[in-house]
Amino acid sequence: MSNSSAGRETWSTRIGFILAAVGSAVGLGNIWRFPFQVGQEGGAAFIVMYLAFVVLIGFPAMMVEFVVGRQTGLNAVGGIREFAGGAWKYLGGLFVFIGFVILSYYSVVGGWVLRYILGSATGGYIAQGPGEYFVQISSGLDALAAHAVFMLLVVIIVALGVKQGIELGVKIMVPAIIAIFALLAVYAFTLPGAGEAYSYYLSPDLDYLLANWQSIVPAAAGQGFFTLSLGMGVMITYASYLSEDENLGIDGGTIVIFNTGISILTGLIVFPILFSAGVDPETSGAGAIFLSVAEALGNLQFGRIIGVLFFTTVAIAALSSAISLIEVVVSYAIDEFGIARERATILIGSAIFLLGAPVTIDTVMVDLYDIFAAQILLVLGGILLVTLVSWLHPEEAIDELSKGIKSFSGIDQVWLWTVRIPVLVVLIVSLYLGIDTFVDFLTGDAFTDFLASL
Ligand code: PHE
């Protein structure tokens, strides 16, 4: 990044912005959450819905955030205040709240990843067996300690304000993910269960989709928003660094393509391994990526080294996303209360650690936080953003989007009417169904049994 004449940093290169946005988007959402959602929502039927959401809803919704960011040149909270004013400034408050909730359990899962770096180095999960190992480290004191370490890393990076570090990290991370994941996907291809897994993963069962759309739709909406870092202003902040000759559509498209490709690749590793090991993807739940990769590494030559590399890259991906989450909260505290960056980061990091601590009691708590955050909060944030931009400030939005897009006139109107009606309607339906899913979860066996056991 370099300093512009106005004294505000802009990305030194277009690539710098894309790298940072990809760094936010690519993370546990692709590697941990995606296979877990696929497993719970019936395989390829979910994927079809998810892809539809990413392209038809997520991509236009990303443009909504880009427009606010570039127009105001401010972060999520300040950008909303400047763009909208009045009571809309509380939308910034919602973003801060969402950042708090998501990072609190994201860090717990990030802690699992850190534990698996260690487990790879020592061969721990190979000796103990992938299933037992996951049970042992995913809750209790082990998980609490790892959660603390993950949050500490986030706080250190953000307190130091190392933006260049993020750029560099992502530059290494994306090619590393592609190389290591491709290697594991090729290995997975050779397994006896691969054929069965591919048909589960790639050929959608439309009857299943029709019978279960009420849970698949909100799950796909939640995954679409979560994985693209939408619905809480993260992309407002990043786009605020962009210059006006940038084509927002091309940038957004690049981010969506990278992000989706990495998710699909992850599934090509996870499902052949689970099927070959005789593990039902539905029951492996939040453990899917950890169980499958641990299983594979136990059988591979140089498994431990590959494991260290694999989980280290995943940790970098998780950290670069976590940084974008905490940044929304930290910049709010700096703007609003005038606290110094280090102090703000330490206070906020500690509060988030505390909010995440109950998640380490039992993995069912991950579901509690996660359904609430992805299927309700992010979708709600998306609905409010889309309404604000497309209905209340259409002229500014159109004007801003058209800058840098010269080749295709009329596309701005297509975008405006897409977000105004179909996107908004689908998101409102998704929110309604997401609330339903959350209520079902709260009254379901897994959660009530857990409460009874306390
Ligand atoms: N997109 C990130 C991931 O997939 C998570 C995230 C969600 C980051 C919302 C910022 C905002 O891991």
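No lab work stands behind these numbers, since they all come straight from the coordinates. Worth saying up front: this structure is predicted, and the values here are computed from it rather than measured. Using ideal geometry, Cβ is built from the backbone for each residue, glycine included, and neighbour counts are taken over all protein chains shown.
Shown in residue order for region 381-390 are the 3J(HN,Hα) couplings computed by the Karplus curve 6.51 cos²θ - 1.76 cosθ + 1.60 at θ = phi - 60°: x, x, 4, 5, 4, 5, 4, 4, 6, 8 Hz (x for Gly and Pro). Relative to the longest principal axis of the Cα atoms of the chain, the long axis of helix 163-189 lies at roughly 40 degrees. In terms of surrounding Cβ atoms within a 10 Å radius of their Cβ, L291, L153 rank from fewest to most as L153, L291.
Rounded, prolate or oblate: pick one for region 70-148, where a ≥ b ≥ c are the square roots of the eigenvalues of its C-alpha gyration tensor, a/c under 1.5 means rounded, and failing that, prolate if a/b is larger than b/c, else oblate. The shape class here is prolate. Between the helical axis of 248-276 and the longest alpha-carbon principal axis of the chain there is an angle of about 10 degrees.
Each helix, a run of at least 4 DSSP H residues, gives -39500 (n - 2.57); summed and divided by the residues of the chain, these come to -24000 deg cm²/dmol at 222 nm.
The alpha carbons of region 342-454 stretch over 61, 40, 23 Å along the principal axes, in descending order. Each residue in K406, K89 was given a count of other beta-carbon atoms within 10 angstrom of its own, and listing them fewest first yields K406, K89. To the nearest ten degrees, helix 59-72 and the longest principal axis of the Cα atoms of the chain are 50 degrees apart. Counting every C-alpha pair in region 298-393, the share spaced more than 21 angstrom apart comes to 59%. Applying the Karplus relation 6.51 cos²θ - 1.76 cosθ + 1.60 with θ = phi - 60° to region 210-221 yields 3J(HN,Hα) values of 5, 6, 10, 4, 5, 9, 5, 4, x, 5, 5, 4 Hz, where x marks Gly and Pro.
When the convex hull of the Cα atoms of region 185-344 is projected onto a plane and the area is averaged over all directions, what value comes out in nm²? Each step should come with its number before you reach the end.
Numbers: hull surface 53.9 nm².
If I average the Cα hull's projected area over directions, I get 13.5 nm².
Max-minus-min Cα coordinates of the chain on each principal axis give 59, 50, 45 Å, with the largest extent listed first. Relative contact order of the chain: 33 percent, from C-alpha pairs under 8 Å at least 6 residues apart in sequence.
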